[in-house]
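Taking it in order: structure first as structure tokens, then the write-up.
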Protein chains: 2
Amino acid sequence: MNVIKYPTQEDWLEIIKRPAIDTRELSERVAAIITEVRSDGDGALRRLSQKYDGAELKEPLVSEEEFAEADANVSQELKTALEVAKSNIEKFHALEIREPQMIETTPGVLCWRRSLPIQKVGLYIPAGSAPLFSTVLMLAIPATLAGCSEIIMCSPAGEDGKVNAATLYTAKLCGVTRVFKVGGAQAIAAMAYGTETVPSVYKIFGPGNQYVTEAKLQVMRDGIAIDMPAGPSEVAVLADDTCEPAFVAADLLSQAEHGPDSQVLLLSNSETVIDEVLTEIERQSELLPRRDIASAALRNSTAILVSSLDEGVDLLNEYAAEHLILAVNNAEAVADSIVNAGSIFLGNYSCESAGDYASGTNHTLPTNGAARAFSGVSTASFMKTITYQQLSEDGIRNLAPVIETMAAAEGLEAHRNAVAIRREYIG
Amino acid sequence: MNVIKYPTQEDWLEIIKRPAIDTRELSERVAAIITEVRSDGDGALRRLSQKYDGAELKEPLVSEEEFAEADANVSQELKTALEVAKSNIEKFHALEIREPQMIETTPGVLCWRRSLPIQKVGLYIPAGSAPLFSTVLMLAIPATLAGCSEIIMCSPAGEDGKVNAATLYTAKLCGVTRVFKVGGAQAIAAMAYGTETVPSVYKIFGPGNQYVTEAKLQVMRDGIAIDMPAGPSEVAVLADDTCEPAFVAADLLSQAEHGPDSQVLLLSNSETVIDEVLTEIERQSELLPRRDIASAALRNSTAILVSSLDEGVDLLNEYAAEHLILAVNNAEAVADSIVNAGSIFLGNYSCESAGDYASGTNHTLPTNGAARAFSGVSTASFMKTITYQQLSEDGIRNLAPVIETMAAAEGLEAHRNAVAIRREYIG
């Protein structure tokens, strides 16, 4: 890690800057994939799966036999763990379900709002270097709680033509309707526009590589909703001398092992803490199977010695970390002063892994500073809200002067007339 | 209007299809504008305002003198109307403000969520053929309720170099921090990236023409959030023989006068109703100052005779109208069966104009079928949610086996270790 001591506020912009990704060439390749899927459907999925995943795709839909096989291949220990995680995630995500809200804004004018499930949603689960069955929990549980009637999932098959067993088991456990063995930009295109076997959906969720992210941005132009723009995962830790340096090091490494492009930021008001954390990172990383990935990520990462925790908080509010660990005294008060972050972990025992898997919060979170304006995935992400209004004769009588004045001032005579004709009818 | 009688379900796809817009050429022109603003800031804004709005832009920021002049130029009648509308919109939008939600998902594992204002937001208010001060109400009121600390607004100046007086008056009334006399794609670029005088914001709201919409989609790629993709405005009316054909005609015309690309759809199970509405449209449109615009819109619009109201509901759920008027008997029951719409107007007295101006609901709504997955603008649109978790020693003890099992199964050893090291420390 690079160590920066007492940066000035002018240096912050450089510190919070994430590496830029040039998407121009990528953009054309993804556009070509989308065009191919739109014009040739399942045929295109077969060709592209062969080309990119090395998988021969006979039948994209995962069969009941494959689910049964997956069930047999998942250990009882993992099944039990998944049950606990599912229960915690359900408890937390169920808090969001709300009754309709109604108010009479003016006598005779009733307004209300109601949240309804998005009927058809698509979940993308990457395979890559680690099977991400935990992401199935994080997407399928809120989709089911929201009441989505069609929850499809795409995940690339390996060279053996199969989707990871734990991924399939978790999909079944959490109410996914159908799973398709398709990955990459072609999966996003299939869910956006439909093929002979893959149905089109209204909103697409899930992480993925640059191709997947670019495809999500491209299909958005055709009115398909997406969960959020996604970039490399990141963690920031604010630590003071009440932290356990070994814990902080473990947390930084757990983020760094995601990929060489992971972002890791350590802020402390104590040089000793920074030194001890760096020493612990050296020690612990020796023991990690993914130490090469973690080392690559850490080479691009930064430890910052700040003059005070308050200054650290200011910098963190500019940075807007996806995950923010507060390994400080009185973490509750510090958390209250954070206004930009995806998810916050308070105190020495709240490691990011807890939220990644089983505390109950969602791990699909805004990266790359998007936490300034975006929220993580929640049950609300799988719903949309309709507003309603009902005016009685009294309502028209009371509001007509207001509406007619405003419509006339906007020069919209037909808008004014729609009220005037009713007002005159009532008399 | 085109009249279609008893279409089969196969015809629906054609009926619900909105006109496609080819954005390729547009896309390059908008990209060039964005590049110019990013590299030359205020200088670019001056050149582009001259070029596109014919306005000489000396100082982009609207001054206190200009606000005072606007105040003097708005009638007391309009000011009173704006106060009533503001009060209704505030009442409805305040319903959304929520206390943080907290739950102990497992003993020792506390999870909660808190909604916080997006600190900096930008509102775009087009000028064009009608001054849209009502949109200022619809964006600035929820922004202020949400608690956004910086609420800037861009609106193009006319050839006299001034922004519409009612627009400025409403901005001041509703808590807009600063107004800039900039329009079009250049305004979106300025709010996304900042210039010498226009600050950059985290989320951009507001309607606009194709240039504005395209610019919003392009800046989204740099992590700027936008309210929603926007298309031409639209209304669908479901009417049975309890409707007042003159009211329905007035509602269709009020939508049609927005622009020649407005979408209007009438569904009825009664041929008589359709005939009477069409006759009324002829009669009423003669009296409208914007009748040419309305006629153009109606030429592309459709009246559909359906075999039953149930069938009408099914078609409307496929269509997902921005505005949906239910001029039918027992509108409440019918409204309950609608799952896709932006805002619903129940019964003969609930005209779209009411929601456009003053009932209390928001008029910034998803168009072009986006209501299948998007909600209209609300107070929540100006907020984002942070999730939190705090584990005690007990929490680690209770959850460690679950997290370690799952992390190991995903092959993420550093994730497992972050929990194991704490578990071992506690002993």
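The values are calculated or read from the model by the stated rules, or taken from the named source; none is laboratory data. Not measured: the values here are computed from a predicted model. Don't worry about glycine lacking a Cβ; one is built from the backbone with ideal geometry, like all the others, and counts go over all protein chains shown. For the accessible areas, the whole protein counts, side chains as well, though only heavy atoms, and no ligand, DNA or RNA atoms are used. Shrake-Rupley method; radii C 1.70, N 1.55, O 1.52, S 1.80 Å.
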Across the stretch A:114-133, which residue is surrounded by the fewest Cβ atoms within 10 Å (Cβ to Cβ) among those that are in a loop (DSSP other than H, G, I, E, B), within 18 Å of the chain's Cα centre (by Cα) and within 8 Å of chain B (Cβ to nearest Cβ)? A:Ala130
Conditions: (1) open to solvent by less than 20 Å² (accessible area, probe 1.4 Å); (2) at pLDDT 95 or above. A:Tyr349 meets all but one. Number of the miss? (1)
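Which residue, of B:Val219, B:Val237, is within 13 Å of another protein chain (Cβ to nearest Cβ), under 15 Å from B:Leu324 (Cβ atoms) and open to solvent by less than 30 Å² (accessible area, probe 1.4 Å)? Steps first, answer last, please.
Values: B:Val219 fails: under 15 Å from B:Leu324 (Cβ atoms).
Sole residue among the options that is within 13 Å of another protein chain (Cβ to nearest Cβ), under 15 Å from B:Leu324 (Cβ atoms) and open to solvent by less than 30 Å² (accessible area, probe 1.4 Å): B:Val237.
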Determine which single condition B:Leu412 fails, assuming it passes every other condition in (1) aliphatic (A, V, I, L, M); (2) within 41 Å of the chain's Cα centre (by Cα); (3) at pLDDT below 95. (2)
Considering the stretch A:148-178, residues that are assigned to a loop (DSSP other than H, G, I, E, B), closer than 22 Å to A:Ile97 by Cβ and free of Cβ contacts under 8 Å to residues at least 60 places away in the same chain, and then whichever is least open to solvent (accessible area, probe 1.4 Å), we arrive at A:Val176
Would you check if A:Ala236 is in contact with a His (Cβ under 9 Å, 6 or more places away or on another chain) and not in a loop (DSSP other than H, G, I, E, B)? yes
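I want to confirm something. Restricting to the stretch B:115-130 and keeping residues that are modelled with pLDDT of 95 or more and of a type in the set (A, V, I, L, M), which single residue is nearest to A:Gly369 (Cα to Cα)?
Let us first name the residues in the stretch B:115-130 that are modelled with pLDDT of 95 or more, namely B:115-125.
Retained after the next criterion (residues that are of a type in the set (A, V, I, L, M)): B:116, B:118, B:121, B:123, B:125.
On the way: B:Leu116: 15, B:Ile118: 13, B:Val121: 15, B:Leu123: 21, B:Ile125: 27 Å.
This residue is B:Ile118.
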Is one or more of the residues making up the stretch A:157-171 out of contact with any Asp or Glu (no Cβ under 8 Å at 6 or more places or on another chain) and at pLDDT below 95? yes
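Quickly run through the stretch A:384-427 and pick out the residues that are among the small types (Gly, Ala, Ser), facing chain B (nearest Cβ under 7 Å) and surrounded by fewer than 19 Cβ atoms within 10 Å (Cβ to Cβ).
If the condition is that a residue be among the small types (Gly, Ala, Ser), facing chain B (nearest Cβ under 7 Å) and surrounded by fewer than 19 Cβ atoms within 10 Å (Cβ to Cβ), then A:Ser392, A:Gly411 are the ones that fit.
For the stretch B:223-234, state whether one or more residues are under 21 Å from B:Arg38 (Cβ atoms) and of a type in the set (Asp, Glu).
To start, the set of residues in the stretch B:223-234 that are under 21 Å from B:Arg38 (Cβ atoms) comprises B:223-226.
Next cut, of a type in the set (Asp, Glu) only: none.
No, the stretch B:223-234 contains no residue that is under 21 Å from B:Arg38 (Cβ atoms) and of a type in the set (Asp, Glu).
To keep it simple, each residue is scored yes or no on (1) modelled with pLDDT of 95 or more; (2) within 14 Å of another protein chain (Cβ to nearest Cβ); (3) touching a Pro at 6+ places or on another chain (Cβ under 9 Å); (4) open to solvent by 70 Å² or more (accessible area, probe 1.4 Å).
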position	(1), (2), (3), (4)
A:Gly54	no, no, no, no
A:Glu59	no, no, no, yes
A:Ser75	yes, yes, no, no
A:Lys86	yes, yes, no, no
A:Arg98	no, yes, no, yes
Out of (1) open to solvent by 30 Å² or more (accessible area, probe 1.4 Å); (2) more than 24 Å from B:Val121 (Cβ to Cβ); (3) within 7 Å of chain A (Cβ to nearest Cβ); (4) out of contact with any helix residue (DSSP H, G or I) (no Cβ under 6 Å at 6 or more places or on another chain), the odd one out for B:Asn368 is which? (2)
Could you give me the residue pairs with C-beta distances under 9 Å whose first residue belongs to the stretch B:65-78 and is more than 15 Å from A:Ile403 (Cα to Cα) and of a type in the set (D, E, K, R), whose second residue is open to solvent by 40 Å² or more (accessible area, probe 1.4 Å) and modelled with pLDDT of 95 or more wherever it lies, and which are 6+ apart or on separate chains? B:Asp71/B:Lys172
How many residues, within the stretch B:327-361, are touching a Phe, Trp or Tyr at 6+ places or on another chain (Cβ under 7 Å) and among the acidic types (Asp, Glu)? 1
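Looking for whichever is more than 10 Å from chain B (Cβ to nearest Cβ) and in contact with a Leu (Cβ under 9 Å, 6 or more places away or on another chain) here; the options are A:Ser308, A:Ser301, A:Ser359, A:Ser343. Which one fits? Give the derivation first.
Numbers: A:Ser308 fails: in contact with a Leu (Cβ under 9 Å, 6 or more places away or on another chain); A:Ser359 fails: more than 10 Å from chain B (Cβ to nearest Cβ); A:Ser343 fails: more than 10 Å from chain B (Cβ to nearest Cβ).
The match here is A:Ser301.
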At pLDDT 95 or above and either in contact with a Cys (Cβ under 9 Å, 6 or more places away or on another chain) or within 29 Å of A:Leu326 (Cα to Cα) (or both): is that true of B:Ala358 in this structure? no
Residue that is surrounded by the fewest Cβ atoms within 10 Å (Cβ to Cβ) [pool: residues in the stretch B:263-315 that are closer than 16 Å to B:Val235 by Cα, of a type in the set (Ser, Thr, Tyr) and in contact (Cβ under 8 Å) with a residue 60 or more places away in the chain]: B:Thr302
Looking at the stretch A:96-113, can you tell me whether even one residue there is in the same structural domain as A:Ser200 (by TED's automatic domain parsing) and within 18 Å of the chain's Cα centre (by Cα)? yes
